Structures are given as structure tokens and as C-alpha cells.
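Read through the structure below, which is laid out as C-alpha cells, and then see the notes.
The values are calculated or read from the model by the stated rules, or taken from the named source; none is laboratory data. Fair warning: this is a prediction, and the values are worked out from it, not measured in the lab. Note: ideal-geometry Cβ built from the backbone for every residue, glycine included; neighbour counts use all protein chains shown.
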Amino acid sequence: MINDADVMKKQSNIIVFITIMGVFISFALFIFVNSLAFQKQEITLAQVTERQLNAIQEKFNNAVKSINAISALFAASNEVSRKEFSIFASIELIDSPNVLALEWIPKVKHSERASFESAAQKDRVTNFTFTEENLQGELVAASERDVYYPVYFVEPLKGNETLLGFDLSTHPQRLQAIQEARDTGAFIASGIVELVQTQQHDAGLLVVKAIYSNGLVPESLAEKRALLKGYSLGVLKLQDLFKTQILSGNNHLQSKIFVFDNNAAVGQKILYPLMSPYQNLEEAKEAQNGLCLLKPLLLANQEWTLYQCVSNNIMDYLGNIEALIVLFFSLILTFVTTKYLIVQQKQRMHANKLLLELSNNEFYLNEIFNNVDDAIVSTDMSGRISSVNHSLIKLFGYTEQELIGQSVELIVHNYTSKDLVVGFSIFSNIEQYQALGKKRVELRAKHKNSKEFPIEISIRQIKYHGRDIVIGMLKDLSMVAEREQAQLEISKNATELRQLIDTANAPIFGIDAAGLVNEWNQRAEQLTGFAKIDVMGKDLVAGFITDDYKASVKGILDKALQGEESANYEFPLFTKTGDRVDVLLNSTSRRDAAGRIVGVVGVGQDITELNKIRKEQESVAHDLTQLIDTANAPIFGIDAAGLVNEWNQRAEQLTGFAKIDVMGKDLVAGFITDDYKASVKGILDKALQGEESANYEFPLYTKTGDRVDVLLNSTSRRDAAGHIMGVVGVGQDITELNKIRLEQESVANDLTQLIDTANAPIFGIDAAGLVNEWNQRAEQITGFAKIDVMGKDLVAGFITDDYKASVKEVLDKALQGEESANYEFPLYTKTGDRVDVLLNSTSRRDAYGQIIGVVGVGQDITEAKKSQAQVVQASKLATLGEMATSVAHELNQPLNVIRMAAGNSRRRIKSQKSNKDTEYILEKLVRIEGQTSRAAAIIDHMRMFGRKAEEKSEMVDPREVVSNALDLLGAQLKLAGIQVVTNFPEKCSKVMGHTIQMEQVILNLLANARDAMKDNISGSRITLSITEKDEIITISSQDTGGGIPEHILSRIFEPFFTTKEMGKGTGLGLSVSYGIILEMGGAIIAENITDGAKFSITLPTTNNIIQKIDLMGI
């Protein structure tokens, strides 16, 4: 048998081993949690950066929404007063608190300056005048110029007084922004500018939108510039835009934010912070050695980059805090476990000592039962229970009477270990226990309720009153683990709860049962100015609640102390400075471990600013109602059910219906014309779902039954919670405008009918393509009488072979409802001659609208075709006129070189120096000769281009033709900012044709592409390609001009058809080009591509022509 000293030594070694392992696991957990903290830091940085981006974007979008509302106000009203602007803009500023100012900038001609200044002074704007900044940065009276763009209205006026009258056109960045807004019609964000209204001239961002006279955005650049009325503008302070609290809930985490402008020049990339030591992104990346994240930031036309970093020191601190907490509690747990094992060892030593005394001295058994906390049982040598202590009764749930005399098997099971049966049998076989070589054995025990649990047992055989008994000490292992785990969880939860309360982003207050403060977190300190140490132990209601709320707050707290909790009640506090802070509070009863209420804790929300805004909104609501009622534009409103709830004075004047007549009635059913009921209802339903619409027709009945046409912008109307409760629309009366348009359409219809019934050939076919119409003019030009052609196939019998396929395709499309106009329709005459007819085809329908045939009205263009060569010549001379600018540029460069070289030579000769001077002079003279040759070549090329083309065809190199055309027009394209890309093969076959005429075709395509891209801000590009496949040469030209409208794509090759302004196009260029390519045996087609148009010319090579001639035997 192993002696007690060896057992104790072995147990001590186990305790030491457990302690070492505990320390090791603690530090392993420390390292693991530290790594988790770093990963969490990466995720947190990504989340807060995304929130930062969203916050910036939201501020910018709010500004855009406010600016758009200002634009709608000026677009809908011919005249807006300063007061109306102030009321309207102040409402928008409530929703856009980060907008420093909203402005109206009219376009003012020099002749109007005095009247604008006088009108402003009558509006009580003292000493109003147009101003500009001088070189010292001071505002002085603006100098005279053709057009001014002054700040005429601004809201809020306070703090922005210096802005009034400031001319934006005097500042380069501001001028660039308003010009770009004018030319695009879109929202434009300026570059960073110094704000005139702040004393420190803070950096700011201007967001601009152009407003045009007709309320719509014109299509052409010329119309945009001519119809410009002014601008709505919002001012954002750069520091306010980027200064966003994004790290709520983590007071320790601090980050650095940098914003860079991707489009700015080198050395000017940094936008924020203003005093940053870094000038570009690369410098910031090199300097930051912590965790960083890069994100794109797009605001209107501005492309910026957001760069957010967390330094290493802060990350280490954050990681270590969590890891150190884990390390601390792990070491504490290790210490507690070690301490517990030591105490258990001491108890067992004490029990063993007592057992030893019993065996030697027959000590009283009750002494053991009363001095040891473990459960103890004594049995006779057969395993029958003779006595138990209180701990064992509690552990197993039996009474003492139920256990005495029973076999120990009732509470202890057997189990097999190394061929030995160990368990209750050891009580009757002490040698078996000793054979295990252990002082303690782990067994399975069974509770009275049949639940099994692990125990640890130590037994000893002793002599008691002359007889042998066995005493066993039992320890519940499951309760130890559960108790230790519970204590650990309680400690952890308490720490986390304390940290949560103290660092929460909401103010948290607490009182004890006497109403004295016992909880006051950091947010409460910030909100009131009272430190925690100043308020702890003081009466909350008596010392910190305003007098008007003392009674109600005390009543609520008293109810909470009785278990009746409350939510969302006002809790107004005094601050340290005597101000009032309004808090919305939820109060909860605080209980001790026994469930007794020991106090109240409340979590609040600061609603001070919300209450101020609510009062301001109530004030503004009255002004807004008055503004809506007296506005110069009709304003309508409906509720969520579509019933009228807004109808201003202008709407009354326009329709004749008084407000009292329409309120509460269905707007669509009662006042919209039948043909628009469905579409207007659809738009209003969308607005009720949050999808707003602009500039849609809104035709109303008047009281007299007339129709009034209104162009309306509809906006969703929301309640304080943001829920849509209706729609309000601001309109513009376009009744007279529509009348003019209808009159124009009527005139156009009469003109069409006049042309259709003129003395022109008319042809008709049925659905099978057989002739069923052939008028007298058709008989005259063809020689075929009507009786000769009726019922015969028009295409097969009367169309020339080269046009059979294309004419059949056009007629088939017309039979499907797709009509065509001005297509060539060449016919055979009875004498075998060819007659060229330009035809318009129209689908013919029966009474039920079914297509039953096609009718075409034509024009004899036979003689016109003969004079085409003269038209080509005229077109080329027109092209020469267009190239005047390019030629001047090309000639100026060589002539300037000649002048400078000649001057240098003259001075050198005059100085009469060494032979090196002679060599210098010779070099300059060679350069003069070269540049003179260049000028002569340009002039000769133009002279050759202007000559009348010879009728005789020749072999032409397509690459040479395209290169010559680029020589003539290349400089002009360069001046227009257009990039020309060429894809030519090293060599290609030649084609039969006229060099000058082919150049004319390429020049026409280049000129059209140039005109199509004149409104492009950037990215203008022409790509010229030449390819050869299957004896066919393809020359293609594609541009980035936005493409050709689909409804005119089929007409662009018609003579005199043009989309250019009057005086800027003859409409002959593409028609002439079509004829030239057709005569060369080729084809030219136009199509739209992704970002522009593409023209493709296909021509047979000379090899192809020779092969055909050989096949024909010619």
C-alpha cells in the first residue's frame, strides 16, 4: 500500500502541473484574442469607412435635393420674390443642415445691372451692388462686362451678407462650374474654392444647377446658352462635409481621414484635412504604417478618393485591452482553481488525520461528520450503510431513515477498470480498493431522482467499538465545475454591463430606492456638464430636474420603484451652465439577487435639438402654407386616397373651381380629361410609393368645360416619421403652347395632303405585290397604260435589276406597317429606258385597320440625277469653305517658321562672324525651303480638290484617299479637341473610281462626325479603319457623338435632309456621298454603335472587277 507521504507528494505535483497548464493556456488565449482583436479591427474599419462614405454621400444628396427644389421653384414661376425664396429655402435647409447657404444666381446683362441693383435696394438690402474680389482679396464694385452672374438671393442671410452681389464670373473656378452646368444641364460640383462669407475664407464646395427660361433642359448647346435664366446653388463647407462621427459605440477607436482629388494637378491633390503634410495619395501611403482602407468617392462630376487609417499604437492598445482582460480572468481562474485544489488537499489531509486517529484511538465518528464539508457514509464490512452526514443527505436527496441499513449500491454504481470491478463493492472488499493504488477514485453516483453524476470517493477501514467499519468521503464533481463556470460568467457579464453602461452613446441615469443618484455615464456627463463625482449620492429630481417637470418625473420614478416601468417620457434636466436639456427616457426597475427592487435605471435620448426644430417647423409651416396659396404657379395636392387636399389661388384662377369646390374630391376622376386619366393616375400612384416624376402633362377640366394643359412636377409628401401621406405638384400652364403646337400639326397635315395630291406619279400594290393603282402621271412617265400593268407583279415586271431586292424589302416593310419615304424607285419605260422616281410609300388599310396593300407617291428625279455631278462640285466648294479655318492654321505654322528663320539668318549675316555662321545660315535656309514646300503642297492639294472631277475612272488607293482627306481636315479636328485613330493595313488592293470624289466622301463623313461631337466635354474620338476581305474593301468611320436618332436613321441619305441649324448645312453631303459610292459599284450604310455612329463603305477591288469582266467574256 502506498503511504500517505507519497500520495501527498503526487497530489502536490498534480496541483503544480494544473497551475502551469493554466498559466500556459491563459497566455495562449491572450495571443489568440489579440489576433481576433486585429481581425475585428479590420472589419470595423471597413464598416466605419462605409458609414463615412454613406454619411458624406447623404449630405451631398440632401444638398442636391434642396438645390433641385430651388430649381423647380424658379422653373415653375416667372417671378419669385426675396421673401418667397427665403421661406422656401429655409424649409429646405431644415432637411439639409450641412448646407451652408442656398443661393439664386440670375443671368444679368449689362443693360439690366442698374435695375437689378435698384430692385435689391428696394427689398431693404442696404447698399446692394454687384461685387468682385480684387488682388488683395477684398470685395469691391464689379467692373463693367457684358454679362454678370451675381448672388441675388441667399438663405440664411445671417452670416452670408457679404455674398450678396458677388459676381461668380469673376472667379475662375466658380466660372468654370457655372459654365459646365449651363452646357450640360446637370448638377455640377465645383473644385475647392475659398468661401467669401467666412472670415477665415474656409474651403468649400459649390453645387450648381442651371435653370432655363422654358423650365426644360434644351437639347442643343446653342439653345442652352441662349435660354439660360440663372442658377440655383448650394454651398457646402468642406470641413462640415467630411467631419462625421462614425465611430459611435467605441470611444477608444480614433482614425485619420484623408480625401484626395483624382483630377487635380500634381501638388494640389489633397482636399482634406486642409493642413495635411501630404500633398498626394502616394505620400500618405508611405507615411501611414497602420491599418488603412482606400475607397472611391463620387460626388456629381467630381471623382475623389477617401483614405482612412488607424495607427498601429491605437490598434495595439485596442487589441491588448481585450486580450489583457482575457489574460487577467484566465489567471484569476487558474489561481482560484489552484487555491481550491490546495484547500481540498488540506481538507483531505485533515480527514485522513481524523481517520488515522479513529483507527488508532477509536475516535468518535461524529467528530468526522461535523468537521468535513464533503458527504460521508459509513458501512459495515458487507456494504450496508450504518450512518450518513447531512452533506450526503443533501447530495442524494434521501432521508437518513431511507439510507440506514440499505446497501451502498443504492447511491454508488460499479464500473469495470482493468478487469477489476470497482464501485460499491469496494466497501465490502477493501483489498480491491487498495489494489487500485489510489487515495481517491472517480465513480458514478445516482440521485434519488435517478439522475447520475460523477463523484470522487476516498475510503478507509477502521476499528470502531471493537468492530470493523468502512468510512467513505464523497465529493460531487459536477457541482464544482458548474459553480466555477457560473461564477466566471457572472463576473464577465458584470464587467461587460458596466463597460456598456459607461461608454454607451445614450445618456444613462440611475437612482437608489431613496431617489439618490447612483448611475451617471459618460454621455450623461457630456450632455449636462456635470461630472459623475458631482452628482453621485444627490437627489436627482430635487437637484437636476426643471421645476415644471419635477412632480411628473418623481411620480414616474416612484412607480418604477414599485415595479411599474415607463417608456418615452420627457425628462428635462438642468446643465451645469443653467441651460435646459430635453431627454426622452425609458425607466426600468433595478433588482438585487433576491428580486427586490433596489433602484431605477433609465436610458435616454437627447431631443433638445429635435424640439427646437419642431417649433421652427411649426413657424415655417404657416409661412409655407401662405407661400403655396399665393404662389405664381398652380399647386395641387392629394392625400393617400387620391382626394384633393391642396388647391392654391393660381389653381383657382386657372380652372375656375374655388378651393371649397374641390377639397376632398377625387382629383383624377373629377378633373382630369378622359384620355389622360390612366396615365396621370399611374404617375400619382408611383409618387405615393416614393417614385417622383417631373415635367409630365396634366390636362384639367375648367368650370366652363374647357381644357387646361399643365406641365407638372410631382413630389411625395411625408409626415414627421417619413411615411408618404400624399403628393403635391407644382405646375406650369402650357395651354397656349399646346394650342400653337396643334395648329402647327394641322398645317403640317394640310401640307402633306397637298403634296400627296400634287401632279405626281402614284403607284399602288395589294398584299401580294400586284399592281392595283397606276395614275395618269405614272402612265406619262413610263409609257405603260393602266390596263397594261394592273394585276401584274410590280417589282418583277417594272423595277430595274439592281434595285429589285431593295424595293421589294421596302414594300414588304410597308405591308407590315413600317412605312418608308424618299427611296429610289427606278422603273423601266415601255421603250426600255430607265426612269428614276423618288417614292414615299404608305400602308393601305381597310375599314378594320388591317393592311391590305401599299400606295406610293413619287417624284420624277431623272433629270435631277443627271445634274448630280454639278451638285457634287458645289458640295466640294462648300467643304472648301468649311476648311478655311484648318487651312489658315496649316499655313500659319510654316509661314511663322519662315519668318523666324529668315530673321535669324538676317541677324547672323549682319554680324559677319566665322564659317560656323555660314553653316548656320545654310541650315536655316534649308528649313525655309522645306516649310515653303509644305505650304505650296497644301495650296496645290486644295486647288486640285476644287477642280471639276473628270468622268473617267481610274485605279485609286483607299489608304491614300483617306490620308489626303485627313491632311485637309486634320488640323480642324485637332482644334476641336477630337482624337483621330487610324487602323490601316500595310498594303491593300485598289478600287476603281475618282480620287477627288472619294476624298469628298471621306471629308463629308469626317465633317459630320466633328459636328456630332461639338457638345462633348471630353472623350471625342474618330476611328478610321480600312479592311480587305473576299476582294471587298471596307472603309469605316465611327465616332463618339452619341449616335443618330432612330427615327431619322433611314432618311439621312436623302437630298436636302439635314438636322443642322438653318444656314449650317445644305443636306447634300451624305446624299452626294451615297451617289458617288453607288456609281463606283459599292454601298454605304449607317448604323448606331454603343456611344456614337458608324458609317461603312464597301467597294469591289480592281481584282474583283477584272474577274467579273473575264467571266462576262468582255
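Data for the structure
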read-out: Residue in region 184-201 that is closer than 22 Å to residue 71 by Cα, part of a loop (DSSP other than H, G, I, E, B) and polar (S, T, N, Q) present; value: yes
read-out: Extreme residue, surrounded by the fewest Cβ atoms within 10 Å (Cβ to Cβ), among residues of region 113-124 that are of a type in the set (A, V, I, L, M) and over 28 Å from residue 237 (Cβ atoms); value: 114
read-out: Top-ranked residue in region 547-569 [being under 25 Å from residue 615 (Cα atoms), surrounded by fewer than 15 Cβ atoms within 10 Å (Cβ to Cβ) and of a type outside the set (Gly, Ala, Ser); ranked as modelled with the lowest pLDDT]; value: 568
read-out: Residue 683 being assigned by TED's automatic domain parsing to the domain that holds residue 736, surrounded by 15 or more Cβ atoms within 10 Å (Cβ to Cβ), among the β-branched types (Val, Ile, Thr) and modelled with pLDDT of 85 or more; value: yes
read-out: Search result, residues across region 76-90 that are among the hydroxyl-bearing types (Ser, Thr, Tyr) and more than 30 Å from the chain's Cα centre (by Cα); value: 77, 81, 86
read-out: Qualifying residue in region 686-704 (condition: loosely packed, with under 13 Cβ neighbours inside 10 Å, outside any strand (DSSP E or B) and more than 27 Å from the chain's Cα centre (by Cα)); value: yes
read-out: Strands (runs of 3 or more DSSP E) completely within region 536-653 that count 2 or more residues being touching a residue at least 60 places away in the same chain (Cβ under 8 Å) and of a type in the set (A, V, I, L, M); value: 583-591, 597-606, 635-639
read-out: Flag if residue 183 is of a type in the set (Asp, Glu), under 23 Å from residue 1016 (Cα atoms) and touching a residue at least 40 places away in the same chain (Cβ under 8 Å); value: yes
read-out: Lone qualifier among 134, 127 - being surrounded by fewer than 22 Cβ atoms within 10 Å (Cβ to Cβ) and at positive phi; value: 127
read-out: Enumeration of residues in region 650-685 that are within 30 Å of the chain's Cα centre (by Cα) and farther than 16 Å from residue 713 by Cα; value: none
read-out: Residue that is nearest to residue 1057 (Cα to Cα), among those in region 987-1009 that are out of contact with any Leu (no Cβ under 8 Å at 6 or more places or on another chain) and of a type in the set (D, E, K, R); value: 990
read-out: Lone unmet requirement of (1) modelled with pLDDT of 80 or more; (2) of a type in the set (A, V, I, L, M); (3) not in a strand (DSSP E or B) for residue 871; value: (1)
read-out: Tabulated pairs, region 11-29, first farther than 17 Å from residue 336 by Cβ, second modelled with pLDDT under 75 and part of a helix (DSSP H, G or I), C-beta under 6 angstrom, 6+ apart or interchain; value: 11/345
read-out: Scope region 384-435; condition touching a His at 6+ places or on another chain (Cβ under 7 Å), surrounded by 13 or more Cβ atoms within 10 Å (Cβ to Cβ) and at pLDDT 85 or above; matching residues; value: 396
read-out: Failed item, numbered, when residue 282 is tested on (1) part of a loop (DSSP other than H, G, I, E, B); (2) surrounded by fewer than 16 Cβ atoms within 10 Å (Cβ to Cβ); (3) modelled with pLDDT under 80; value: (1)
read-out: Considering residues of region 91-112 that are surrounded by fewer than 19 Cβ atoms within 10 Å (Cβ to Cβ) and farther than 19 Å from residue 628 by Cα only, the residue farthest from the chain's Cα centre (by Cα); value: 111
read-out: Residue count for region 51-75, restricted to those that are out of contact with any helix residue (DSSP H, G or I) (no Cβ under 7 Å at 6 or more places or on another chain) and free of Cβ contacts under 8 Å to residues at least 60 places away in the same chain; value: 4
read-out: Strands (runs of 3 or more DSSP E) contained in region 963-1070 and holding at least 1 residues among the acidic types (Asp, Glu); value: 1021-1029, 1032-1039
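Residue by residue, here is whether (1) of a type outside the set (A, V, I, L, M); (2) under 47 Å from the mean Cα position of the chain (by Cα); (3) within 22 Å of residue 224 (Cβ to Cβ) holds:
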{"site": "989", "(1), (2), (3)": "yes, no, no"}
{"site": "992", "(1), (2), (3)": "no, no, no"}
{"site": "995", "(1), (2), (3)": "yes, no, no"}
{"site": "999", "(1), (2), (3)": "yes, no, no"}
{"site": "1005", "(1), (2), (3)": "no, yes, no"}
{"site": "1013", "(1), (2), (3)": "no, yes, yes"}
{"site": "1019", "(1), (2), (3)": "yes, yes, yes"}
{"site": "1023", "(1), (2), (3)": "yes, yes, no"}
